[in-house]
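Heads up: the structure comes next, in structure tokens.
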Amino acid sequence: MSDARVTGPPLSREEVDRTLARLRDERERIGAALLELEAHQGYQLLEGAALTGETRRVQADVQSRAASLWTLFDLYGRAVDAAEELRARHGRPGQAQLAELTRLLTGASVELPVREVPLERRTLLAVPSGERLTLRAAVDRMTALYEEIARSVAALDTVWSTLLSRLAEVEAERRGAASPRARASPSARSTASSPGSSTRRR
């Protein structure tokens, strides 16, 4: 059992079951949103592009945030799984099981690895262990990461769409300028360049 303590009375069996049902639905919706984000055209372009300058910095930032987001989602899912497994083992949980379920569901049951703890949240004398979050705090942090990634991807997608649109206009203009020359008749050009043509016009 973790050292993370929960104050107050434990949840009842009915409260545990309601909380687990909500968390299962929440986990599915978060997972679907993450997959949808990765399938976005802007995200796909960002993943596969060889970029430079400011756009490269944005790309690296998005990739770093996405890695943190998926790590946090995995840890969040493990905490929910642990609670589900404990509940499944006890059809009529006693006080000890309810206390542990309460800790998992409302206490700081999501432990981040040390590399995921932001530098500004570390202290000089802190024991090198991961930061602990409640499930609600984990969702709040995932939400912030998701929104930051989505904003960056949407902004770059808009820039790329504008650039591609302009490139298409330039290509259309180039083709339009070349069309009159391409439509010139070969026979007309041959007649105009024939040595006898000027003599006949006299």
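The values are calculated or read from the model by the stated rules, or taken from the named source; none is laboratory data. Note that this is a predicted model, so its numbers are computed, not measured. Using ideal geometry, Cβ is built from the backbone for each residue, glycine included, and neighbour counts are taken over all protein chains shown. For accessibility, only protein heavy atoms count, side chains too; no ligands or nucleic acids. Shrake-Rupley method; radii C 1.70, N 1.55, O 1.52, S 1.80 Å.
Out of the stretch 15-57, which residues are in contact with an Asp or Glu (Cβ under 7 Å, 6 or more places away or on another chain) and open to solvent by 40 Å² or more (accessible area, probe 1.4 Å)? Walk me through how you get there before you give the answer.
First, the residues of the stretch 15-57 that are in contact with an Asp or Glu (Cβ under 7 Å, 6 or more places away or on another chain): 20, 41-42.
Hit for the stretch 15-57 is 41, nothing else.
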query: In the stretch 79-94, what count of residues is obtained for those that are free of Cβ contacts under 8 Å to residues at least 24 places away in the same chain and open to solvent by 40 Å² or more (accessible area, probe 1.4 Å)?
result: 6
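Per-residue answers, yes or no, for (1) modelled with pLDDT under 95; (2) surrounded by fewer than 19 Cβ atoms within 10 Å (Cβ to Cβ); (3) basic (Lys, Arg); (4) more than 20 Å from the chain's Cα centre (by Cα):
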position: 98; (1), (2), (3), (4): no, no, no, yes
position: 102; (1), (2), (3), (4): no, no, no, yes
position: 111; (1), (2), (3), (4): yes, yes, no, yes
position: 117; (1), (2), (3), (4): yes, yes, no, no
position: 120; (1), (2), (3), (4): yes, yes, no, yes
position: 132; (1), (2), (3), (4): yes, yes, yes, yes
position: 140; (1), (2), (3), (4): no, yes, no, no
position: 143; (1), (2), (3), (4): no, yes, no, no
position: 149; (1), (2), (3), (4): yes, no, no, no
